[in-house]
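Report on the structure given below.
The values are calculated or read from the model by the stated rules, or taken from the named source; none is laboratory data. All values reported here derive from a predicted model rather than from experimental measurement. Every residue, glycine as well, gets a Cβ built from its backbone with ideal geometry; the counts of neighbours run over all protein chains shown. These area figures cover heavy atoms from the full protein model, side chains too; ligands, DNA and RNA do not enter into them. Shrake-Rupley method; radii C 1.70, N 1.55, O 1.52, S 1.80 Å.
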Amino acid sequence: MRVIAIANQKGGCGKTTTSINFTACLAYLQKKILLVDLDPQGHSTCGLGIRAEKLPYSLYDLLNPTADFAPGINQVIIELNPYLSLLPSHIVLGAAEEELANLPDKEKRLKQVLENGRRKGHRFDYVVIDCAPNLGILTFNALEVADEVIIPIEPSFFSLHGLAKISETLRFINQKRDSRMEIHALLTIFDARTHFEKDIYEEVKKNFGEKLFKTIIHDDVALKEAAGAGQSIVQYAPDSQAFKDYFSLAVEYLEREWERKLPEDELGWENIYRHRYGPRRVIGGVLFQMLSERARTVEIAGDFNGWVPETMSRQGEGKLWRIVLPLENGKYRYKFIVDGEWQLDPCQQTQVENSFGYYDSFLELV
C-alpha cells in the first residue's frame with residue numbers, strides 16, 4: 001500500500017479537484033484506491049456526491065481520542081465502486097485540531113487508523129489523502145504516514161511565494177524520517193494562452209526539475225460542473241480535456257512507480273529477448289505474450305482498448321502469459337501491467353515517446 005498526500009497550505013490550487021479526479025482515474029485503471037478526506041471542509045466528500053450530514057460516522061469519529069464510543073473503520077468507509085472507496089469528512093473534523101493538540105503521538109492518529117483498516121482486511125494499492133489547506137495537526141498526520149506528497153500549484157505569484165513554506169516543512173519532516181518522502185509537483189488550473197502562466201511553469205520547473213509532472217492540468221469548466229454534480233470527471237465528462245489531463249497524470253504516476261521499483265539487474269531482459277515472444281498475427285487477431293517467472297497477474301493496455309487493462313491468460317502453471325486481440329491494420333501503442341506495475345513489452349523493440357516523456361511499446365499492422 002502506497003500512501004500519497006495531496007498537500008498545499010494555499011487554498012484555490014486545485015488540491016481537492018486533484019484528489020477526486022486523480023483517484024478516480026487510478027480506479028478507472030483498476031487500482032484499488034482509498035481516498036481520505038482530511039479537510040474539515042469536506043469538499044472531497046461532497047464533490048463525490050456524499051452528504052456528510054446524513055452519515056452516522058465520519059473520519060472524525062476514527063480520529064477523536066475523547067469519544068466514549070469509537071466506530072470500527074468498516075462503519076465509516078464508503079465503497080463508491082469496486083475500485084474506489086472513501087473515508088468521508090464532516091465539518092466537525094475541525095475540532096480534532098484542538099482535541100489532538102496536547103496528546104502524545106498526536107501526529108500518528110491517521111497512521112493508526114490506516115493500520116487498523118489493514119488489519120481489518122481493507123487492502124488498497126494506493127491511499128490518497130486530501131489534506132487541509134494549512135500546515136496544522138491534521139496535515140502533519142497526513143505527512144507522517146505518507147510515502148509521497150503531490151503539491152498542486154496553480155500559476156500565480158502567491159502560489160510561488162507559498163511554495164517556500166511547504167518545501168521547508170517537507171525538508172524538516174524528511175530529516176526526521178527513516179525513509180524519505182518522495183515529492184512531486186503538479187501544475188493545475190493552467191491556461192497556456194498567457195505568457196505569465198508560461199513564465200510560472202518555467203519557474204516551477206527550475207525549482208522542482210524532474211519532480212514536476214510533465215502532465216499539466218488545464219483550466220476546464222467541466223471540472224467545476226463535475227464537482228457541482230457530485231461526480232468525478234471520469235463519470236461526468238470522459239470525453240473532456242480535463243479527463244485526458246487527469247488520466248495522463250494517473251498513467252504518468254504509475255510510470256514513475258514502475259521506475260522507482262524496477263531493479264536494474266533483476267529481470268534479466270537479455271534472457272527474455274532470446275525467447276522472441278513478440279506480438280504476431282494469429283487466427284483471430286494478434287497474439288501478445290509476456291514471459292515472467294514471478295508474475296501473479298499480467299494485463300495489457302493500449303490505445304486499442306482505451307488504456308483499460310485486460311487480463312492475459314497464463315499457460316498452465318508456466319511462466320508464459322498470452323492474449324489474442326482482434327486488431328485491424330493500424331498503429332498501436334501499448335504496455336503490459338505485471339502485478340500492477342506498468343512496463344514496456346521486452347520482446348517488442350519498437351518504442352515511441354508518449355505525451356509526458358516516457359515510452360510506449362509500438363506495433364504497426366499493415
Study note, to complete from the structure: Expected output for the stretch 1-13 (first residue closer than 11 Å to A132 by Cβ, partner polar (S, T, N, Q) and open to solvent by 40 Å² or more (accessible area, probe 1.4 Å), Cβ below 8 Å, 6+ apart or cross-chain) is Q9/N134
Review point. Quick one: what pairs do we get from the stretch 108-121, first residue under 9 Å from N141 (Cβ atoms), second β-branched (V, I, T), C-beta under 6 Å, 6+ apart or different chains?
Key: L110/V145; K111/V145
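Helices (runs of 4 or more DSSP H) wholly in the stretch 109-196 with at least 3 residues that are open to solvent by less than 20 Å² (accessible area, probe 1.4 Å), within 30 Å of L84 (Cα to Cα) and in contact with an Asp or Glu (Cβ under 9 Å, 6 or more places away or on another chain) - which ones? Walk me through it before giving the result.
Values: elements: 109-119, 137-145, 157-176.
It comes to 137-145.
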Point to revise | In the stretch 227-241, residue farthest from I337 (Cα to Cα) [restricted to those that are open to solvent by 30 Å² or more (accessible area, probe 1.4 Å) and not in a helix (DSSP H, G or I)] | key: A229
**Study point:** Whichever residue in the stretch 74-105 is touching a residue at least 12 places away in the same chain (Cβ under 8 Å) and within 17 Å of Q30 (Cα to Cα) and, among such residues, is most open to solvent (accessible area, probe 1.4 Å)
**Key:** Y83
Review point. Any idea which of (1) surrounded by 15 or more Cβ atoms within 10 Å (Cβ to Cβ); (2) under 20 Å from the mean Cα position of the chain (by Cα) is the one E210 doesn't satisfy?
Key: (1)
Point to revise | In the stretch 1-31, the residues that are at pLDDT 95 or above and either assigned to a strand (DSSP E or B) or open to solvent by 30 Å² or more (accessible area, probe 1.4 Å) (or both) | key: V3, I4, A5, I6, T17
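Determine which member of the set G42, G49 is in contact with a Gly (Cβ under 9 Å, 6 or more places away or on another chain) and either crowded, with 21+ Cβ neighbours inside 10 Å or more than 30 Å from D339 (Cα to Cα) (or both). It would help to see each step written out before you state the result.
Numbers: G42 fails: in contact with a Gly (Cβ under 9 Å, 6 or more places away or on another chain).
From the options G42, G49, the qualifying one is G49.
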Point to revise | Of the criteria (1) open to solvent by less than 60 Å² (accessible area, probe 1.4 Å); (2) assigned to a helix (DSSP H, G or I); (3) closer than 19 Å to I6 by Cβ, which one K224 fails | key: (1)
Check your understanding: Is it the case that some residue within the stretch 41-61 is assigned to a loop (DSSP other than H, G, I, E, B) and farther than 30 Å from Y236 by Cβ?
Key -> no
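Among the residues of the stretch 173-205, write down those that are among the charged types (D, E, K, R) and within 17 Å of I150 (Cα to Cα). Working first, answer last.
First, the residues of the stretch 173-205 that are among the charged types (D, E, K, R): 176-178, 180, 182, 191, 193, 197-199, 202-203, 205.
Correct list: R180, E182, K205.
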Exercise for review: Search the stretch 242-259 for residues that are within 19 Å of V3 (Cβ to Cβ) and open to solvent by less than 10 Å² (accessible area, probe 1.4 Å) and pair each with any residue that is at pLDDT below 90 and among the charged types (D, E, K, R) when their beta-carbon atoms are under 7 Å apart and the residues are at least 6 apart or on different chains.
Suggested key: E252/K214; E257/E341
Exercise for review: Can you work out which of the residues in the stretch 294-304 that are over 13 Å from P346 (Cβ atoms) and not in a strand (DSSP E or B) is modelled with the lowest pLDDT?
Suggested key: R294
